[in-house]
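Comments concern the structure below.
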Amino acid sequence: MGQEHEGEGGEEYLFKIVLIGDSAVGKSNLLSRFARNEFDSNSKATIGVEFQTQVVDIDGKEIKAQIWDTAGQERFRAVTSAYYRGAVGVLIVYDITRRTSFDSVKRWLDELTTHCDTTVARMLVGNKYDLENIREVSAEEGKSLAEEEGLFFMETSALDCTNVQTAFEVVIREIYNNLSKKIL
Ligand code: GDP
Ligand code: MG
């Protein structure tokens, strides 16, 4: 499933995490910020990149987060079942300056539900927090949707780094905690 164990030298964990959400909300930039600390102001749709791996330390355990990007498939407003297969965490991203991307969140959640079980760790992410002056979706709206749907919630900026590390780490920690509960 979503984790691997290695003998000698301690355990090793591999968590597959997927990014979903409308096109141009900033999924690829959140990932490149998290995995390489890079931002790309070019608006071209992501093509090709399947996933990036980032090692995170949780309570002294080395965890490999394998984070999947949509490779532009979401322009067709859905991603394939192969994309979700084996995922143990998901970040559902919208753009706080584009209400339509927030309205799409429910549809993305429906798609997620058809492909993944309820144990998947879920984070709702309102990205482009740096564009506060042209915001269309309030933080309260994001928060209350997240509460309704049982999701973690965070507003982020891939541009100025706000909460990017934290958003991914909260999901990774939740996966790790769920796994520990299962083992104990
Ligand atoms: P994706 O289609 O969801 O993967 O979105 P991208 O990562 O390709 O980003 C789409 C556009 O939004 C690009 O022009 C990015 O430079 C821009 N963008 C992404 N994240 C942010 C952010 O946090 N703040 C601002 N101001 N622009 C962003
Ligand atoms: Mg992209």
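Once you keep just the Cα pairs under 8 angstrom separated by 6 or more residues, what percentage relative contact order results for region 74-184? Walk me through the numbers before you get to the answer.
Working: 137 pairs, mean separation 30.5, N = 111.
The normalised contact order for region 74-184 reaches 27 percent.
Count the DSSP beta bridges whose two residues both fall in the chain, then state the antiparallel fraction as a percent rounded to the nearest 5. All intermediate terms of the calculation are to be shown ahead of the outcome.
Values: 8 of 29 bridges.
If I count the DSSP bridges inside the chain, around 30 percent turn out antiparallel.
To the nearest 0.05, what FRET efficiency results for R173 and S81 with a Förster distance of 30 Å applied to their C-beta separation? Write down the numbers at each step before the final one.
Details: r = 27 Å, r/R0 = 0.90.
Approximately 0.65, to the nearest 0.05.
With axes computed from alpha carbons, what is the tilt in degrees of helix 105-115 against the longest principal axis of the chain, rounded to the nearest 10 within 0 to 90?
Approximately 30 degrees, to the nearest 10.
Arranged from highest to lowest average of other beta-carbon atoms within 10 Å per residue, in what order do the peptides 118-125, 134-141 appear?
Numbers: 118-125: 20.5, 134-141: 13.6.
Ranking the peptides 118-125, 134-141 by packing returns 118-125, 134-141.
Per 0.36 nm of contour for each residue apart, how much would the distance between T113 and E136 grow if the chain were fully extended, relative to their Cα-Cα spacing? Write down the numbers at each step before the final one.
On the way: separation 23, 0.36 × 23 = 8.28 nm, distance 2.69 nm.
Here the answer is 5.6 nm.
Under 5 Å between amide hydrogens, which residues at least 5 positions from E136 or on another chain qualify, with H placed 1.01 Å from N in the peptide plane?
The list, which skips near neighbours in sequence, is T97, R98.
For G72, enumerate residues with amide H under 5 Å from its amide H, sequence gap 5+ or separate chain, H modeled in the peptide plane.
Counting only residues 5 or more places away or on other chains, the set is T46.
What list of ³J(HN,Hα) couplings, whole Hz, do you get for region 121-136 from phi and the Karplus terms 6.51, -1.76, 1.60, once you set θ to phi - 60° and write x for glycine and proline?
Per-residue couplings from phi come out as 6, 10, 10, 8, 10, x, 8, 6, 4, 5, 9, 3, 5, 10, 4, 10 Hz.
Over the Cα atoms of region 125-184, what is the Rg over Rh ratio if Rh follows Kirkwood?
On the way: Rg = 14.0 Å, Rh = 12.9 Å.
Ratio of gyration radius to Kirkwood radius: 1.09.
Starting from the amide H of F153, placed 1.01 Å from N in the peptide plane, find each other amide H under 5 Å away whose residue is 5 or more places distant or on another chain.
Amide H neighbours of F153, under 5 Å, 5+ apart: L124.
Using the Karplus curve 6.51 cos²θ - 1.76 cosθ + 1.60 with θ = phi - 60°, what ³J(HN,Hα) values do you get for each residue of region 156-164, in whole Hz, with x for Gly and Pro?
Calculated HN-Hα couplings, in order: 9, 9, 6, 5, 9, 6, 3, 6, 5 Hz.
If I fit a long axis through the Cα atoms of helix 139-149 and take the longest principal axis of the Cα atoms of the chain, what angle between them do I get, 0 to 90°, rounded to 10?
50 degrees
Show me 173-180, 107-114 ranked by packing, highest mean number of other Cβ atoms within 10 Å first.
Ranked from most to least packed, the peptides come out as 173-180, 107-114.
Normalised radius of gyration for the chain, please: alpha carbon Rg relative to 2.2 N^0.38 Å, two decimal places.
Details: Rg = 15.8 Å, N = 184, 2.2 N^0.38 = 16.0 Å.
The reported ratio for this selection is 0.99.
Please work out how much length the chain gains when fully extended from E148 to D59, using 0.36 nm per residue of separation minus the C-alpha to C-alpha distance, in nm with one decimal. Display every interim value, and only then the final one.
On the way: separation 89, 0.36 × 89 = 32.04 nm, distance 3.00 nm.
The E148-D59 span can extend by a further 29.0 nm.
For region 24-94, what does the convex hull of the Cα positions come to per residue, in cubic angstrom? Intermediate values should be presented prior to the final figure.
Values: hull volume 7.2 nm³, N = 71.
Per residue, the Cα convex hull of region 24-94 comes to 101 Å³.
Read-outs throughout are calculated quantities, based only on the coordinates presented, and are distinct from any laboratory measurement. Note that the structure is a prediction, hence the values are computed from the model and not measured. For neighbour counting, all protein chains shown are included, and Cβ atoms are generated from backbone atoms with ideal geometry for every residue, glycine included.
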